[in-house]
1. Take B:L289 and decide whether it is buried (at least 18 other Cβ atoms within 10 Å of the Cβ) and closer than 23 Å to B:R144 by Cα.
2. Exactly one condition in (1) exposed (fewer than 15 other Cβ atoms within 10 Å of the Cβ); (2) in contact (Cβ under 8 Å) with a residue 24 or more places away in the chain; (3) more than 15 Å from B:T154 (Cα to Cα) is false for B:D242; which is it?
3. Name the pairs: first residue in segment B:114-126 and closer than 16 Å to B:Q295 by Cβ, second residue of a type in the set (S, T, N, Q), Cβ to Cβ under 7 Å, at least 6 apart or on different chains?
4. Looking only at segment A:180-200, how many residues end up being surrounded by fewer than 16 Cβ atoms within 10 Å (Cβ to Cβ) and within 14 Å of another protein chain (Cβ to nearest Cβ)?
5. Would you pick out the residues in segment A:294-314 that are more than 7 Å from chain B (Cβ to nearest Cβ) and among the basic types (K, R)?
6. If I ask for residues that are at the interface with chain B (Cβ under 7 Å from one of its Cβ atoms), β-branched (V, I, T) and over 19 Å from A:F121 (Cβ atoms), which ones from segment A:57-109 would you list?
7. Can you confirm whether B:V170 is β-branched (V, I, T), within 16 Å of the chain's Cα centre (by Cα) and away from every other protein chain (no Cβ under 13 Å)?
8. For segment A:46-65, which positions are surrounded by fewer than 24 Cβ atoms within 10 Å (Cβ to Cβ) and of a type in the set (A, V, I, L, M, F, W, C)?
Amino acid sequence: MSAPTLERPAPDETALQRQFDATIAADHRIEPRDWMPEGYRRTLIRQVAQHAHSEIVGMQPEGDWLLAAPSLRRKSVLLAKVQDEAGHGLYLYSAAETLGADRADLTDKLIEGKQKYSSIFNYPTLTYADVGVIGWLVDGAAICNQVPLCRSSYGPYARAMIRVCKEESFHQRQGYELLMTMMRGTPEQRAMVQDAVDRWWWPSLMMFGPPDDASPNSAQSMAWGIKRHTNDELRQRYVDMSVPQAQALGVTLPDPDLTWDEASGHWRTGPIDWDEFTRVISGSGPMNAVRIARRRAARDDNAWVTEAATAYAEKHGA
Amino acid sequence: MHEETVYEALANAQDDGHWAFGTGFDEPLAGVDTTVPDGVDPTDLGAYCLMLGDDALVLAQRLTQWMTNAPELEEEVAIGNVALDLLGQARLLLARAGSVGVLGRSRELATDSVPDEDALAYFRAPGEFRNTALVAAENGDFARTMVRLLAAATVRLAVLARLRDSRDPVLAAIAAKGVKEVAYHRDHAARWVLRLGDGTGESHRRAQDGVDAVWPLLADLSTATDVETRLAAAGVAVDPADVLDEVRGVLTQVLDQATLRVPEWPPAAAPRGRVGEHGPELAELLGTLQGLARQHPAATW
């Protein structure tokens, strides 16, 4: 930490700050070699890393069904999806590296619990319907969150998000298509779908983060153009889109208070259990320990592989 | 990019063209001439398709065990690619076996709504599988996994390269596509064997242990079954003995360059995996692969 007396910007820094502010005001992009305030850099690294971690940890809940997928076509679709998530993690870690972060260091922070990932991935996948519901609801919520980020003020992040969103939209359709197929199947399959919707609906609403009046970082992130809409705005958009999709699918969303508000033209949900959100995000969710243990094992058990690749590259000048 | 339209388009669109994998089940051999060539016993042809298809399916399942556990994210992507290629080959080959009526006893359990490829993958007993021991063996560590992939891809590439000229048009088409894929698999594995063999002391030891564990499994590839002999004579299949020199040459070259000791080639033995003789590791692998589909035999997925 630098001493308080050093924090006043030097004169040339004032000019840089003005230029940065003008770029943001004009809705242009900040690029890696542009000057940026430390707070902006720090906030972006945190957000992009958290997003990258979410992609990588997010491979696990569905990955648990890869070996048991009930048809070869479903196995191919799921494998391609989990592979896409690894790819998303790679783009996003690369975007974080353009800000001066280091992938290995970010991975260590994930494993040590110093950086978070989306709490949705701390719930277990109990049946194959969960694969479909994750595609429909979890990826659907992720798209609602991420499409505005395609206009994020930081260029590399915005460009990564365009590609990520295109692939996520495939995943969402695949998930919904699996659920439609299962709803046309046996009574057991229909029951599986309803059960999965019952378990994932509320956690998916929590993916948008705490309500606006309890979201400490939102205002600054919106001023910087890192974020484009508030948590509650995005959540409302997601609810309005998901309710008709649930009706078309023939499932009931587990919220007795869900009502159509004619005046505003929005669906209104009952109260969200924010205590559960706090419990899960602070590490007490059903699968937190399992998710992190797997990342730790992938790093530690295979460290010798990375060491070998490095040693080989040094020997052979590759 | 206009954010509202992106989401709404995918939420409302009914047009199948935008779905990555389509919304219905496409017959994998649709549009391909599936006539069995003159003088070829369809039962032999189907049995041979099962051999190649089961090799691909079982190896894809083994590789998939690495997903979410791989040493690097880049390797998650690469292993996912290899497994997806092999799954694609397996689907075509199993569908071909089904199209010539070779379904074993799978139809006793699978309902009519289950396509042939899934009936064969999910509803056969271990003793009906025709893969070799090389692909069924446990992964072991990353070094052994890559040594096994190198060996399996080298054999498969040599076979597929010859099958491009098969008198069976379906096998020839599958081989023409597969050669490009498996050439990449072999290259990817060979690069890892080089890095590990010539990397650190620990990686060298692990790579050598992997080689020593994998080499005896090559015995299961040395002798043709009667089916392969008959089909090779008819210009449809490849006699595995005909590719052995090429396989040994490639593997020896990679191991030499990786500073690894090349074990003695295992003596030729009667085929085991190709006639349905497998160890418990295959039953365990199939238990996981087949469990859910078998719990719901009347379901459609």
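1. Numbers: buried (at least 18 other Cβ atoms within 10 Å of the Cβ): yes; closer than 23 Å to B:R144 by Cα: yes.
Considered against the rule, which asks whether it is buried (at least 18 other Cβ atoms within 10 Å of the Cβ) and closer than 23 Å to B:R144 by Cα, B:L289 comes out as yes.
2. (3)
3. B:D118/A:S71; B:A119/B:S106; B:Y122/B:Q290; B:F123/B:S106
4. Result for segment A:180-200: 5.
5. Those that are more than 7 Å from chain B (Cβ to nearest Cβ) and among the basic types (K, R): A:R295, A:R296, A:R299.
6. Within segment A:57-109, the first condition is being at the interface with chain B (Cβ under 7 Å from one of its Cβ atoms), and the residues that meet it are A:59-60, A:63, A:66-68, A:70-77, A:79-80, A:82-83, A:86-87, A:89-90.
Now drop any that are not β-branched (V, I, T), which leaves A:77, A:82.
Once the filter is applied, which keeps residues that are at the interface with chain B (Cβ under 7 Å from one of its Cβ atoms), β-branched (V, I, T) and over 19 Å from A:F121 (Cβ atoms), segment A:57-109 yields only A:V77.
7. no
8. A:W65
The values are calculated or read from the model by the stated rules, or taken from the named source; none is laboratory data. All of these numbers come straight from a predicted model, not from anything done at the bench. Positions of Cβ are generated from backbone atoms using ideal geometry, with glycine treated the same way; all protein chains shown enter the neighbour counts.
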